[in-house]
Amino acid sequence: MKINWKYILIFIILLIAVCAAIFYWQQNKALLAPLVSLEPINQNTSNWKTYKNEEYGFEIKYPAEWNYADRSPQSGKKASYNKVSYGFNIYFGDGNMAETPPSRGGTGFVGIMIFNATTNELFQNAFTSDKKQVVFNGINAFKIESSVGIADSNIEFPAEYLIFENNGKAFVISFENSDTRGALNQTFSNMLSTFKLAK
């Protein structure tokens, strides 16, 4: 029986093409999904404080009764998260932000980390969970929903991560809500609405 190698070759090529298409879709389904706009919830922020960072070119408002702690690595020292180095790390909240990790004695906290890497490099090593594409305050970002557990307990709190790139550096705005009433969701939403990148 004579084997028709021509048809076998065509079949193999088609199979490779289908596998490649499936792989591309899996890797880029967040990019292909429609943008979801994150809108602020009605809340008066006129009396909020403003944190401004000239080095990385951004500013954000936070509630007047909150405090913050800059947890960035000291000059000349390196710090990394899942093997990806970062140069900036700050926490805002109503607990003790100077603790490691920030105190859950409050209702939760908002963190901002800036990595010495692009978003693609970050996704290869960290934040590998499913993500969707969103936009907040005119900034295109990826959103990851997760949960954070407390050591030696079965308690978990919802957490969100918004990840975007600016000037070749990946920004990660994280939000952990330990308030079961969900009151902090409103605060986080409005903090996002005040986040601005320098033009």
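From the list Tyr91, Tyr86, the lone residue that is closer than 12 Å to Glu176 by Cα, modelled with pLDDT of 85 or more and assigned to a strand (DSSP E or B) is Tyr91. Cβ separations smaller than 8 Å between residues 6+ apart or across chains give the following pairs from the stretch 61-80 residues that are within 14 Å of Phe188 (Cα to Cα) and assigned by TED's automatic domain parsing to the domain that holds Asn47 to residues that are in a loop (DSSP other than H, G, I, E, B) and modelled with pLDDT under 85: Lys61/Thr45; Pro63/Asp94; Trp66/Asp94.
The values are calculated or read from the model by the stated rules, or taken from the named source; none is laboratory data. Just so you know, these numbers come straight off a predicted model, no measurement behind them. Because the Cβ atoms are built from the backbone with ideal geometry, glycine has one as well, and the counts that use them run over all protein chains shown.
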